[in-house]
1. Residues V50, V11, V25: which one is of a type in the set (V, I, T), touching a Ser or Thr at 6+ places or on another chain (Cβ under 9 Å) and at pLDDT 95 or above?
2. Restricting the first residue to the range 27-54 and requiring it to be open to solvent by 100 Å² or more (accessible area, probe 1.4 Å), which pairs with a second residue that is outside any strand (DSSP E or B) and small (G, A, S) meet a Cβ separation below 8 Å and a spacing of at least six or different chains?
3. For K20, all conditions in the list (1) of a type outside the set (D, E); (2) part of a strand (DSSP E or B); (3) closer than 19 Å to K54 by Cβ hold save one; what is the number of the exception?
4. Out of A33, A44, report the one residue that is aliphatic (A, V, I, L, M), at pLDDT below 95 and outside any helix (DSSP H, G or I).
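The values are calculated or read from the model by the stated rules, or taken from the named source; none is laboratory data. Note that the structure is predicted; figures quoted are calculated from it, not measured. Counting neighbours? That spans all protein chains shown, and the Cβs are built from the backbone with ideal geometry, glycine included. Accessible surface areas use protein heavy atoms only, side chains included; no ligands, DNA or RNA. Shrake-Rupley method; radii C 1.70, N 1.55, O 1.52, S 1.80 Å.
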Amino acid sequence: MNMQCGAKCFVVEVEHNGEKKRIPVTARSAVNARKTVRLKYEEAVKIISVREEK
């Protein structure tokens, strides 16, 4: 993924096929992080939380 101006690292916690995963995502906002995960997994995941990694 390309770095964008103002991008931060987020950790998205998802449930996929009955197991929980933590996915690091680089995005400008939490909304964009959610969108990136949905596009990657084609909405087959349930997003539990999105947190900014510090």
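1. V11
2. From residues that are open to solvent by 100 Å² or more (accessible area, probe 1.4 Å), the pairs are R28/G6; R28/A7.
3. Here K20 meets the rest and fails (3).
4. A44
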